[in-house]
Amino acid sequence: MIIERIWAANDFRNFHYLIACPETGEALAVDPLEWRRCLDAARTRGFTITQILNTHEHRDHTGGNAGLVAETGARVLAHAGAASRIGGVDVGLARGDVIRVGRSVELECLDTPGHTLAHICLYAHTEEPALFCGDTLFNAGAGNCHGGSPELLYDTFAGQLARLPDGTRVYPGHEYLARNLGFTLDREPGNGDAAALLERSRDTAAEDAVVTTLGAEKRINAFFRLQNPSIIARLRERFPDLPEHPDGRTVFVKLRELRNAW
Ligand SMILES: [Zn+2]
Ligand SMILES: [Zn+2]
């Protein structure tokens, strides 16, 4: 499996991805808003884009479908529950579906609500597994829940993402690393891993941003550190009614609430 990350260089700070079969050169484009950049990258690499996957229905993920379909004839795949809002979807997806790209790539569909109520993450069971997580999980952060549900996002994090192997590479839909590390450090000032990565990221252009793993996320992402004593103590300063040993769901939802205004 070949993964090409494409920096959109737009105000939304999108990352697009081409996932290609090394044997046939067929490729799937993930959320190709800046579709010309995706097409250029495919041509440079000798790939043929045959499929488009939308992780969810927001325009900053689907707005490139029409242009890329017109150029390539690619089929559009999306969560069955989001298809009518996206329009032009050829294949509606559900939990456990497997997307094949060329002869060698298989991507499992995870049903991951929270940011929206119908959101797909793709998981590749390769030697170095990979997770394409749209606006569910960001590097060092979690998606907002303005059109979704923080409780459902907690269920997705705790019940699905946290259980994937620590070596899983994380490929989110946007580049928000420094801002999210700032939030982690605001909640947990003694987090040395987050501080070191923030320091490193200052000298790194967004298009060269680090690809984290889930193991790293568990060290730098407040939304995976729900039992951390510093995070709980800081939350109790803000929410005095919080019990001394709150459950993970409560901590997650409060962190998400704070992040909305941070
Ligand atoms: Zn979104
Ligand atoms: Zn987005």
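The values are calculated or read from the model by the stated rules, or taken from the named source; none is laboratory data. Not measured: the values here are computed from a predicted model. Here Cβ is always computed from backbone atoms with ideal geometry, including for glycine, and neighbour counts include all displayed protein chains. Surface accessibility is based on the protein's heavy atoms, side chains included, excluding ligands, DNA and RNA. Shrake-Rupley method; radii C 1.70, N 1.55, O 1.52, S 1.80 Å.
List of remarks:
- Only a single criterion out of (1) part of a loop (DSSP other than H, G, I, E, B); (2) within 21 Å of the chain's Cα centre (by Cα) is not satisfied by Arg256, namely (1).
- Hey, Asp208 touching a residue at least 24 places away in the same chain (Cβ under 8 Å) and open to solvent by 60 Å² or more (accessible area, probe 1.4 Å) or not: no
- Residue count, the stretch 43-100 (criterion: open to solvent by 50 Å² or more (accessible area, probe 1.4 Å), within 16 Å of ligand 1 (Cβ to nearest atom) and closer than 18 Å to Ala8 by Cβ): 2
- Unique match (being within 19 Å of the chain's Cα centre (by Cα) and open to solvent by less than 50 Å² (accessible area, probe 1.4 Å)) among Gly248, Gly173: Gly173
- Cβ-Cβ under 6 Å pairs, at least 6 apart or on other chains, the stretch 221-240 side farther than 20 Å from Ala196 by Cβ, far side among the β-branched types (Val, Ile, Thr): Leu226/Val251
- Selection status of Leu152, more than 11 Å from ligand 1 (Cβ to nearest atom), open to solvent by 40 Å² or more (accessible area, probe 1.4 Å), at negative phi and not acidic (Asp, Glu): yes
- Those residues of the stretch 158-198 which are within 16 Å of ligand 2 (Cβ to nearest atom), among the basic types (Lys, Arg) and under 13 Å from Ala216 (Cβ atoms), in sequence order: none
- Within the option set Thr184, Thr112, being hydroxyl-bearing (Ser, Thr, Tyr), closer than 25 Å to Ala80 by Cβ and surrounded by 23 or more Cβ atoms within 10 Å (Cβ to Cβ) holds for one residue only, Thr112.
- The stretch 3-42, residues that are open to solvent by 10 Å² or more (accessible area, probe 1.4 Å), within 19 Å of Glu106 (Cα to Cα) and part of a strand (DSSP E or B): Ile3, Glu4, Arg5, Glu26
- Among the residues of this structure, Pro113 counts as one that is touching a helix residue (DSSP H, G or I) at 6+ places or on another chain (Cβ under 7 Å), more than 20 Å from Glu34 (Cα to Cα) and away from ligand 2 (no atom under 14 Å from the Cβ).
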